[in-house]
Amino acid sequence: MSIQARSCREGGARWQCSGGRARGVFNPRLLAATCQPRLPRVILITVLVTGDDYDLFHTRGTMSTACTDLKVWHKAMDLAVEIYQSTKAFPRDEIYGLTSQMRRAAVSVPSNIAEGRGRFSHRELSQFLLHSRGSLLELETQLLLAARIGYLKPAETERLLSMTSELGRMLNGFLKTLQTHSAA
């Protein structure tokens, strides 16, 4: 299910819920709109309007499923972008080798955070964070290998390893928080 929003000249925006029958007009403030698709459940969708941008945050129960509100996800996205830019300089014959593996591992980190955040229990979220941490460790190994082969300069290797180290600490902290929350 998705929401499509178009801005209006009157300062509001029109929205329509795909898969459902709900439609409406709202003014550019934080508003909540309920959308009941053909399924019997009601999903609450909060729309934050900032200028011409519409950020959607889906919620169910008390646990938000939006990964975009997590700092660790943003850091993981930044790392993935940096890995893509760094691997552009790798030799062409590595496009299906180390380049591809590094890019996949880098993309896997924020993807697993997002998938875990979309689950509805702390246990499932923890499991996906562990997968994310595993992909991060895989990426660190690949960075060290790329440096040994000579594909990365020492300064760039150090910068990327620093990013992975910081992200690893954030993931570990998030996991500890979830474990503490689950134990309480």
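Rule-based calculations on the coordinates, nothing more; no lab input. Computed from a predicted structure; not experimentally measured. Here the Cβ is made from the backbone with ideal geometry for all residues, glycine too, and neighbour counts use every protein chain on show.
Looking at the stretch 134-158 only, could you name the residues that are without any contact (Cβ under 8 Å) to a residue 24 or more places away in the chain and within 25 Å of Pro91 (Cβ to Cβ)? The answer is Thr141, Leu144, Ala147, Arg148, Gly150, Lys153, Pro154, Ala155, Thr157, Glu158.
Pairs meeting the criteria (first residue in the stretch 173-184 and within 12 Å of Arg123 (Cα to Cα), second residue assigned to a helix (DSSP H, G or I) and among the polar types (S, T, N, Q), beta carbons under 8 Å, at least 6 apart or on different chains) are Leu175/Ser126; Leu178/Ser126; Gln179/Ser126; Ser182/Ser126.
Go through Leu143, Leu167, Leu152 for me and flag whichever is of a type in the set (A, V, I, L, M, F, W, C), part of a loop (DSSP other than H, G, I, E, B) and in contact with a Leu (Cβ under 8 Å, 6 or more places away or on another chain). Don't jump to the end; show me each part of the working.
Numbers: Leu143 fails: part of a loop (DSSP other than H, G, I, E, B); Leu167 fails: part of a loop (DSSP other than H, G, I, E, B).
Every option except Leu152 fails the conditions.
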